[in-house]
1. Treating the beta-carbon of each Lys and Arg as +1 and of each Asp and Glu as -1, no other charges, what is the dipole magnitude of segment 202-294 about its Cα centre, to the nearest 20 debye?
2. Out of all DSSP beta bridges in segment 202-294, what portion is antiparallel? Express it as a percent rounded to 5.
3. How would segment 5-192 be classified by its alpha-carbon gyration tensor: rounded, prolate or oblate, with rounded meaning a/c under 1.5 and the a/b versus b/c comparison settling the rest?
4. Can you compute the helix-only [θ] at 222 nm over the chain? Use -39500 (n - 2.57) per DSSP H run of at least 4 residues, normalise by all residues, nearest 500 deg cm²/dmol.
5. Could you sort 25-32, 159-166 so that the peptide with the highest average Cβ count within 10 Å comes first and the rest follow in order?
6. Starting with the highest mean, order 235-248, 56-69 by the number of other Cβ atoms within 10 Å, averaged over the residues of each peptide.
7. Percent relative contact order of the chain, based on C-alpha pairs within less than 8 angstrom and at least six residues apart?
8. Lysine pairs in segment 5-192 8 or more apart or on different chains: how many have alpha carbons under 15 angstrom apart?
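All of the numbers you see were taken from the coordinates with simple rules; none came from a lab. As the structure is a computational prediction, the values presented were derived from the model and not from experiment. Quick reminder, even Gly has a Cβ in these numbers, built from the backbone with ideal geometry, and neighbours come from all protein chains shown.
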Amino acid sequence: MGTPDFAVESLKALVEGGYNVVAVVTMPDKPMGRHGSVLQPSPVKQYAVEHNLKVLQPEKLKDSAFVEELRSLRADLQIVVAFRMLPEIVWSMPPLGTFNAHASLLPKYRGAAPINWAVINGDTETGMTTFMLKHEIDTGDIIDQVKIPIADTDNVEIVHDKLMELSGKLVLKTVDSIIAGTFTTTPQEEGEVTAAPKIFRETCRIDWNQPTKRIYDFIRGLSPYPAAWTTLNGKSVKIYEAEKVENQEFGEAGTIKTDGKTFIKVITADGMLNIKVLQLEGKKRMPVTDLLRGTKIEENAIFV
């Protein structure tokens with residue numbers, strides 16, 4: 001059960017490993033285009049169709065027709081990767097249970113955006129966790145974990161891709177241990193819980209009154225999507241890449257320093273950031289040097 005590209009890696013591992021995948025459950029096709037007349041299948045559905053797998057796309061997971069069809073498949077085990085919260089009638093169905101592959105080292109970063117928040121918070125490691133489902137989301141007993149380092153230069157896309165590659169291997173390891181009956185589980189430490197709530201547009205607004213490193217981590221934790229943003233002269237500016245500046249120039253936070261040709265630096269609470277890649281409202285994403293060839297950015301203008 002899954003929807004985005006991240007879930008495809010686990011499905012691919014199962015198919016290529018020769019496991020009997022009786023069905024794939026994913027979101028309904030998404031309306032696209034000006035009038036919503038074109039339906040876009042999820043990456044998981046695309047892969048499933050290409051490999052002649054049965055696909056179920058329920059609007060509601062408690063729908064009786066869906067539940068009965070799922071039950072008729074007589075699956076021994078259900079696997080969830082990047083999908084919706086399941087009702088008990090679904091996750092309790094198979095005799096071997098249902099496990100989830102989650103992109104964090106639980107109990108850290110329970111929630112919808114674990115990879116983003118790990119980078120935003122400046123963590124130096126993260127990982128994948130498999131755990132058995134129960135009523136409360138992301139709270140089940142841990143089966144297995146694998147860790148990876150987060151480099152200071154990694155953005156969320158890089159960390160996402162590293163975890164995606166690991167996820168398929170961990171899912172297979174977990175499936176094999178469940179089939180063999182050799183797996184053990186460990187309850188999550190409630191005292192170590194941190195949250196990874198869904199990210200909205202306002203979540204992504206840069207506060208230039210924060211320390212340099214905090215803003216630097218914030219930018220890479222939202223790059224390339226949905227992207228950290230600020231405003232200049234009332235227009236939105238997305239910032240995709242920056243670097244910390246050792247030489248400091250103090251002043252009002254958000255103040256721009258530029259030579260008009262090669263750099264845009266911004267004053268923070270305790271120093272400066274050098275902006276490398278950005279996107280002005282109505283323009284394409286581009287390196288600062290390219291932007292400054294065709295757009296004048298005023299010295300001492302202020303990002304708000």
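1. Working: 15 positive and 12 negative charges, 78 e Å.
For segment 202-294, the charge dipole is close to 380 debye.
2. Bridges in segment 202-294 that DSSP calls antiparallel: roughly 95 percent.
3. Details: a/c = 1.60, a/b = 1.19, b/c = 1.35.
In terms of gyration-tensor shape, oblate.
4. Numbers: 8 runs with 81 residues, N = 304.
Calculated mean residue ellipticity at 222 nm is -8000 deg cm²/dmol.
5. Values: 25-32: 15.8, 159-166: 18.8.
Ranking the peptides 25-32, 159-166 by packing returns 159-166, 25-32.
6. 235-248, 56-69
7. Averaging sequence separation for qualifying contacts and normalising by length gives 13 percent for the chain.
8. Count of close lysine pairs: 11.
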